[in-house]
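To start, the structure itself, in structure tokens.
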């Protein structure tokens, strides 16, 4: 991974047919029934789950250490058919570090970037490679609804009236007061993804240096780094598994062609 950087973030949304319970079952290799729709998600045959743990901020109920309890509580509290349920991260870890160092690093990362901000974090480390430590990566799920100090689920946002210079409510064309949505946490700030990526890159490089490994990672794109090179695409678990077995995949062929083009670029630049 020290030759590349993969850090993806997306929202698990019911409106897109996704389920927090299904995602939690997948990353943990467990069987969990979703009480929202009654569907059981069974990933007990999944291989490559190295470790899994839930991290709680101080005011979160201890019962949320149980994966089934946590994500079913999230599912049942969210009533809307298009509800946002969790934030999902997939982060490549450096194969140059051993498993214990990677585990220590990613746990430090989630504590400093998410748990300290009041989020509950479900962390799992995977490596499906037969050789071991060749495709090591972290799956992280975080809550998107804050928890009140009393342990109950809080509000994500609120509406407030838009006022004019005199402090009077601004009306729309129908004569009703205009309102706007106000976020009650900083979790959805636009700059967060860049900050989270940079923080991981910095921490990763600290661990590489501490372990006397010369290679470094950079969260910036090749273009932003001023590197005239074509980035490879992320294979994903399925394509990676097939490639390791010697089965060529479309994504693998794309990356092989990209590597050939990059070698040509090195010769002519």
Of the residues that sit in region 157-177 and are in a loop (DSSP other than H, G, I, E, B) and touching a strand residue (DSSP E or B) at 6+ places or on another chain (Cβ under 7 Å), which one is nearest to residue 83 (Cα to Cα)? 162
Looking for something without any contact (Cβ under 8 Å) to a residue 60 or more places away in the chain, closer than 22 Å to residue 95 by Cα and assigned by TED's automatic domain parsing to the domain that holds residue 29 - is there at least one such residue anywhere in region 136-153? yes
Specify which of the listed residues (91, 106) is touching a strand residue (DSSP E or B) at 6+ places or on another chain (Cβ under 9 Å), closer than 28 Å to residue 5 by Cβ and part of a helix (DSSP H, G or I). 106
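Residues are listed down the side, and each one gets a yes or a no for (1) within 19 Å of residue 107 (Cα to Cα); (2) at pLDDT 95 or above; (3) not in a loop (DSSP other than H, G, I, E, B):
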| position | (1), (2), (3) |
| --- | --- |
| 22 | no, yes, yes |
| 36 | no, yes, no |
| 41 | no, yes, yes |
| 47 | no, no, no |
| 51 | yes, yes, yes |
| 64 | yes, yes, yes |
| 71 | no, yes, yes |
| 76 | no, yes, yes |
| 87 | yes, yes, yes |
Complete set of residues in region 159-193 that are exposed (fewer than 12 other Cβ atoms within 10 Å of the Cβ), closer than 30 Å to residue 218 by Cβ and free of Cβ contacts under 8 Å to residues at least 24 places away in the same chain: 189, 190, 191
Residue selected from region 45-75 under the condition loosely packed, with under 15 Cβ neighbours inside 10 Å and more than 22 Å from the chain's Cα centre (by Cα), by the criterion nearest to residue 6 (Cα to Cα): 45
When you check residue 33 against the structure, is it in contact with a helix residue (DSSP H, G or I) (Cβ under 8 Å, 6 or more places away or on another chain) and within 30 Å of residue 205 (Cα to Cα), yes or no? no
Answer residue from region 129-151, given it is buried (at least 18 other Cβ atoms within 10 Å of the Cβ), touching a helix residue (DSSP H, G or I) at 6+ places or on another chain (Cβ under 8 Å) and in a loop (DSSP other than H, G, I, E, B) and is modelled with the lowest pLDDT among those: 135
So is residue 125 more than 18 Å from residue 197 (Cβ to Cβ) and assigned to a strand (DSSP E or B) or not? yes
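The values are calculated or read from the model by the stated rules, or taken from the named source; none is laboratory data. Just so we're clear, the structure is a prediction, and the values are computed from it rather than from any experiment. Reconstructed Cβ throughout: ideal geometry from the backbone, glycine too, with neighbour counts over all protein chains shown.
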